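**Student:** The structure is given below, and queries will be raised subsequently.
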Amino acid sequence: MLNSDEVKRIALEVGFDACGVARADALTDDEYPLRQWLARGWHSDLAYMERNADKRMDPRLLLPGARSVICCVSKYGPPDTSRTDGVAAYAQHREYHDVVKKMLHALREQLKIDGKLCCDTVPISDKHWAARAGLGWIGRHTLLVTPQWGSWVNLGEIVTTEECDTYDCPIANKCTDCNLCVDACPNHAISSLASQSATYMIDVRRCTAYYTTHHPKAIPPDVDAHGYTQGCDICQLACPFN
């Protein structure tokens with residue numbers, strides 16, 4: 001059985017900034033409204049989000065017998081505002097996939113466990129598991145917001161069949177009545193479900209980051225890229241936790 005304190009201590013030793021452990025039960029639709037988002041067509045042509053949708057909700061389908069999800073945070077900091085190349089903050093820093101995966105490998109090795117390493121490219125929702133593990137909450141811009149570093153963080157997980165002696169609990173969503181990120185988006189990409197005011201989604205068809213990161217076509221004339229050429233930080237820059 002995993003010892004929660006030991007897991008967190010080793011996670012910090014290998015280079016992560018925070019760690020939490022969640023029980024590997026399926027996410028609920030309230031925690032992660034993936035099915036509603038897909039049904040609305042707000043994923044546009046991101047067909048990979050439709051594939052393995054059930055695995056994105058339930059890590060036990062990703063790794064049979066999974067009992068725990070070890071969630072790790074690596075901070076990276078706000079954008080360098082002196083740059084004029086239109087590159088968002090996450091891309092101004094280190095290539096996080098390689099860095100986070102290297103630290104996950106080290107953590108798994110030191111814990112002497114088997115487990116699936118996850119960092120962005122595996123069908124699991126990094127941010128929603130981090131929220132389940134008490135590392136932050138899902139903000140209205142749909143990103144994980146941590147109390148310490150806002151949303152300037154990269155995430156990674158180890159899904160394992162090991163039990164843990166203690167599991168972390170989600171923390172309160174502190175966005176309350178703030179709508180600064182919603183109002184800041186020039187393309188009105190951040191929308192809420194009419195019946196669930198606390199559940200927000202991104203319509204990627206209106207999102208600058210979708211066109212400057214994922215989309216191979218030209219940005220539509222009615223989408224204001226605001227000078228961004230890779231990613232977009234507008235909603236994050238509006239967030240008071242950043």
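**Student:** With 21 Å as the limit, write out which pairs from Lys101/Lys174; Lys55/Lys75; Lys8/Lys127; Lys116/Lys174 have Cα-Cα distances beyond it, or answer none.
**Tutor:** Values: Lys101/Lys174 30 Å; Lys55/Lys75 26 Å; Lys8/Lys127 18 Å; Lys116/Lys174 31 Å.
The pairs that break the limit, which is 21 Å between Cα atoms, are Lys101/Lys174; Lys55/Lys75; Lys116/Lys174.
**Student:** Return one whole number: the accessible area per residue of segment 136-242 in Å², for a 1.4 Å probe. Numbers along the way, then the final one.
**Tutor:** Details: 5050 Å² over 107 residues.
Computed with neighbouring chains in place, this is 47 Å² per residue.
**Student:** With springs only between Cα atoms under 10 Å apart, run a GNM on the chain and tell me which of Gly77, Gly20, Gly139 wobbles the most.
**Tutor:** Result: Gly77 has the largest fluctuation of those listed.
**Student:** Could you tell me what percent of the accessible area of the chain is made up of carbon and sulfur, with a 1.4 Å probe and every protein chain present? Mind dumping the intermediate values first?
**Tutor:** Details: 5800 of 11600 Å².
After summing per-atom areas, the C and S share lands at 50 percent.
**Student:** Further question: Leaving out ligands and nucleic acids, and using a 1.4 Å probe, what accessible area per residue does segment 61-100 come to in Å²? Intermediate results must be reported in sequence, preceding the final value.
**Tutor:** Numbers: 1950 Å² over 40 residues.
On a per-residue basis, 49 Å².
**Student:** If you don't mind, there's one more thing I want to ask. Report the accessible area of His105, computed with a 1.4 Å probe over the heavy atoms of all protein chains in place, in Å² rounded to the nearest 10.
**Tutor:** Roughly 90 Å² of His105 is accessible to a 1.4 Å probe.
**Student:** A further question on this structure: In units of 2.2 N^0.38 Å, what is the alpha-carbon radius of gyration of segment 132-242? Show your work: numbers first, answer last.
**Tutor:** Details: Rg = 16.1 Å, N = 111, 2.2 N^0.38 = 13.2 Å.
My calculation over the Cα atoms of segment 132-242 gives 1.22.
**Student:** Let me ask something else. Is the chain best put as rounded, prolate or oblate by its Cα gyration tensor, with a ≥ b ≥ c the root eigenvalues, rounded for a/c under 1.5, and otherwise prolate when a/b is larger than b/c, oblate when not? Walk me through the intermediate numbers first.
**Tutor:** Details: a/c = 1.73, a/b = 1.47, b/c = 1.17.
Verdict is prolate for the chain.
**Student:** Follow-up question, since we're still on this one. Determine the calculated [θ] at 222 nm for the chain from helices alone, applying -39500 (n - 2.57) to every DSSP H run no shorter than 4 residues and normalising by the residue count; nearest 500 deg cm²/dmol. Before the final figure, lay out each step's value.
**Tutor:** Values: 9 runs with 62 residues, N = 242.
Dividing the helical sum by the residues of the chain leaves -6500 deg cm²/dmol.
**Student:** Next question, about the same structure. What ³J(HN,Hα) values, in whole Hz, does the Karplus curve 6.51 cos²θ - 1.76 cosθ + 1.60 give for segment 131-142 when θ = phi - 60°, with x put for Gly and Pro?
**Tutor:** Each residue's phi maps through the Karplus curve to give 5, 4, 7, x, 8, x, 9, 7, x, 5, 7, 6 Hz.
**Student:** Right, next: Can you give the Rg to Rh ratio of segment 77-191, both from alpha-carbon atoms, with Rh computed by the Kirkwood formula?
**Tutor:** Values: Rg = 16.4 Å, Rh = 16.2 Å.
Computed over Cα atoms, the ratio is 1.01.
**Student:** Right, another one. Pick from Ser151, Ser68, Ser191: which is most flexible by mean-square fluctuation in a GNM of the chain where alpha carbon atoms under 10 Å apart are linked?
**Tutor:** Among Ser151, Ser68, Ser191, the largest mean-square fluctuation in the Gaussian network model of the chain belongs to Ser191.
**Student:** Please name which of His128, Ile190, Val159 has its Cα lying farthest along the dipole of segment 102-198 towards the positive end, using unit charges on Cβ (Lys, Arg +1; Asp, Glu -1) and the Cα centre as origin.
**Tutor:** Toward the positive end, the furthest listed residue is Ile190.
**Student:** To the nearest 20 debye, what is the magnitude of the charge dipole of the chain about its Cα centre, counting +1 on the Cβ of each Lys and Arg and -1 on the Cβ of each Asp and Glu? Don't skip to the answer; put the middle values down first.
**Tutor:** On the way: 25 positive and 31 negative charges, 47 e Å.
Rounded to the nearest 20 debye, it is 220 debye.
The values are calculated or read from the model by the stated rules, or taken from the named source; none is laboratory data. These figures come from a predicted structure and were not determined experimentally. Here the Cβ is made from the backbone with ideal geometry for all residues, glycine too, and neighbour counts use every protein chain on show. The accessibility values were calculated without ligands, DNA or RNA, using every heavy atom of the protein model including side chains. Shrake-Rupley method; radii C 1.70, N 1.55, O 1.52, S 1.80 Å.
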